[in-house]
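Notes follow once the structure below has been shown.
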Amino acid sequence: MHSRTVAPDVFDPRIYAAGVPHDRFRALRDRAPVSWQAEPEVLGWPAGSGFWAVTRHADVVRVLKDSGTYSSCLGATQIRDPDPADLPFIRRMMLNQDPPDHGTLRKLVSRAFTPRRIERFAATARERARASLAAAFADGGEVDLVRAVTDDYALLNLTDLLGVPESDRGLLHAWTERVIAYQDPDEPPVLDAGGRPVNPRSPAMLAEMFGYAQELAAHKRAHPADDVMSVLAASELGDTELEMFFFLLTVAGNDTVRSAVPGGVLALAENPDEQARLWRGEVPVDTAVDELLRVHPPVLSFRRTAARDTELAGRRIRAGDKVVVFHASANHDERAFTDPHRLDLGRSPNPHVSFGDGPHVCLGAHFARLQLRVFHEELRASCGGLALAGPPRRLVSNFINGIKSLPVRPLEPSAPRA
């Protein structure tokens, strides 16, 4: 039997609709930094076996760096166990592999993510941000920044990088919603013949996306361009590897920025003094972006599976146990950050784990930071600041720190900042 303590629940995805449960995470960090969490049936999804929640920064980094002890492959990287029949399929994705297989594939696909290629998209992203913000703020009234600006900004930047035709970009949005928002009541699950929800990462649910990936790759081989899919289509990737990488880029590449942009804006709107510092140019935008990523990490959690018996923060962990790191907790750990619940746009150093750590550190982190920097530069140029015009609506998810709606009101450049 596991040694278990009664601990605050940080599993239930409905908790996160009210925001990151910082009070619960702090209680865990202080009293049970590695705590056993139950997995009851929630929102129609079946109960699971339970897992260890890792909440302190140092322990999160330790787990992420030690792939020999904490495997991404054994049970994949989502809290819920996949159907055993689907696991070999899921393990084809780089995200769900361990070294050396992971490193071999990562090296192969990283050729498409050269800084030179990514920087070429900076001008396009800047013009997109400038035009969409100008249109959204044209009448000076209240606007839902997510619907009017940030969803399209993230999606269109990604499809430009991938080389997806404009007519097909709605498909990527729909596929992302299906995978990312599967716990949210606004995205009803697809049910099987027995009335049970179907895993959105199962082969059946991804068949349409994979078919499209092969069609796009064939088109790029015949008509190569300066985009990521042209590079991948001409590489040594097999068909299944190409499909899985297209899935990873489509979902992770889109939703990282899609979550981080409104999350950063929300943090600025809730902290007008820090917002004013940014608008006055008192802090570098790159430094501010990292602090906004710290306080609003796009990804809340990631799972590993213990490959052998081990010990973490005094807890005995058995081989086969699920071990889940919580980025949102690690980023607010008082042991790693001074006054962690205070937004400090000039914070340096800033060892946040919003892009992970170790062998699985986010491959597209440079591209994401570029988009965030460009957006905040153009936001600063477009108005005198932003004020909240209503409460945000958050995604029901224990995985993605998503914001579905963010009502804001632009301030005139001459308006006093409260």
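The values are calculated or read from the model by the stated rules, or taken from the named source; none is laboratory data. Bear in mind that the values here come from a model prediction, so they are computed numbers and not experimental data. Because the Cβ atoms are built from the backbone with ideal geometry, glycine has one as well, and the counts that use them run over all protein chains shown. Side chains are part of the model used for accessible areas, which takes the heavy atoms of the whole protein and leaves out ligands, DNA and RNA. Shrake-Rupley method; radii C 1.70, N 1.55, O 1.52, S 1.80 Å.
One line per residue, one yes/no per condition, for (1) over 23 Å from GLY238 (Cβ atoms); (2) part of a helix (DSSP H, G or I); (3) open to solvent by 30 Å² or more (accessible area, probe 1.4 Å):
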position: PRO99; (1), (2), (3): no, no, yes
position: THR104; (1), (2), (3): no, yes, yes
position: ARG126; (1), (2), (3): yes, yes, yes
position: ALA129; (1), (2), (3): yes, yes, no
position: ASP139; (1), (2), (3): yes, no, yes
If ALA207 passes every condition in (1) closer than 24 Å to PRO84 by Cα; (2) open to solvent by 30 Å² or more (accessible area, probe 1.4 Å); (3) assigned to a loop (DSSP other than H, G, I, E, B) but one, which one does it miss? (3)
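Search segment 143-168 for residues being part of a helix (DSSP H, G or I) and farther than 16 Å from GLN371 by Cβ, and hand back the single one that is most open to solvent (accessible area, probe 1.4 Å). It would help to see each step written out before you state the result.
Step one: filter segment 143-168 for residues part of a helix (DSSP H, G or I), giving 145-162, 166-168.
Narrowing further to those that are farther than 16 Å from GLN371 by Cβ: 147-148, 166-168.
Details: ARG147: 190, ALA148: 44, GLU166: 147, SER167: 106, ASP168: 39 Å².
Checked segment 143-168; the qualifying residue most open to solvent (accessible area, probe 1.4 Å) is ARG147.
Pick out, from segment 296-357, the strands (runs of 3 or more DSSP E) lying fully within it that include 1 or more residues that are surrounded by fewer than 18 Cβ atoms within 10 Å (Cβ to Cβ) and out of contact with any helix residue (DSSP H, G or I) (no Cβ under 6 Å at 6 or more places or on another chain). Lay out the reasoning, then the answer.
On the way: elements: 301-306, 310-312, 315-317, 322-326.
Output list reads 310-312, 315-317.
Residue-wise test of (1) touching a Pro at 6+ places or on another chain (Cβ under 6 Å); (2) within 13 Å of LEU105 (Cβ to Cβ); (3) surrounded by fewer than 20 Cβ atoms within 10 Å (Cβ to Cβ); (4) not polar (S, T, N, Q).
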| position | (1), (2), (3), (4) |
| --- | --- |
| SER230 | yes, no, no, no |
| ASP239 | no, no, yes, yes |
| LEU242 | no, yes, no, yes |
| LEU248 | no, yes, yes, yes |
| ALA260 | yes, no, no, yes |
Assess whether THR287 counts as being touching a Leu at 6+ places or on another chain (Cβ under 8 Å) and over 24 Å from ASP81 (Cα atoms). yes
Are there any pairs, at least 6 apart or on different chains, whose C-beta atoms fall under 7 Å, with the first in segment 160-182 and under 23 Å from ARG120 (Cβ atoms) and the second at pLDDT 90 or above and open to solvent by 50 Å² or more (accessible area, probe 1.4 Å), and if so, which? ASP160/THR124; GLY163/ALA225
Looking at segment 222-231, is at least one residue outside any helix (DSSP H, G or I) and without any contact (Cβ under 8 Å) to a residue 60 or more places away in the chain? yes
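Taking PRO115 as the residue in question, decide whether it is in contact with a helix residue (DSSP H, G or I) (Cβ under 9 Å, 6 or more places away or on another chain) and open to solvent by less than 70 Å² (accessible area, probe 1.4 Å). Please lay out each step first, then the result.
Working: in contact with a helix residue (DSSP H, G or I) (Cβ under 9 Å, 6 or more places away or on another chain): yes; open to solvent by less than 70 Å² (accessible area, probe 1.4 Å): no.
Criteria not met by PRO115.
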So, in segment 19-48, of the ones that are modelled with pLDDT under 95 and small (Gly, Ala, Ser), which residue ends up most open to solvent (accessible area, probe 1.4 Å)? ALA47
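Could you please find all residues in segment 52-76 being outside any loop (DSSP other than H, G, I, E, B), surrounded by fewer than 20 Cβ atoms within 10 Å (Cβ to Cβ) and in contact with a Lys or Arg (Cβ under 9 Å, 6 or more places away or on another chain)? Spell out how you get there, then give the answer.
Just the residues of segment 52-76 that are outside any loop (DSSP other than H, G, I, E, B), to begin with: 52-54, 57-65, 70-71.
Okay, now just the ones that are also surrounded by fewer than 20 Cβ atoms within 10 Å (Cβ to Cβ), so 58, 61-62, 65.
Of everything in segment 52-76, just one residue is outside any loop (DSSP other than H, G, I, E, B), surrounded by fewer than 20 Cβ atoms within 10 Å (Cβ to Cβ) and in contact with a Lys or Arg (Cβ under 9 Å, 6 or more places away or on another chain), namely ALA58.
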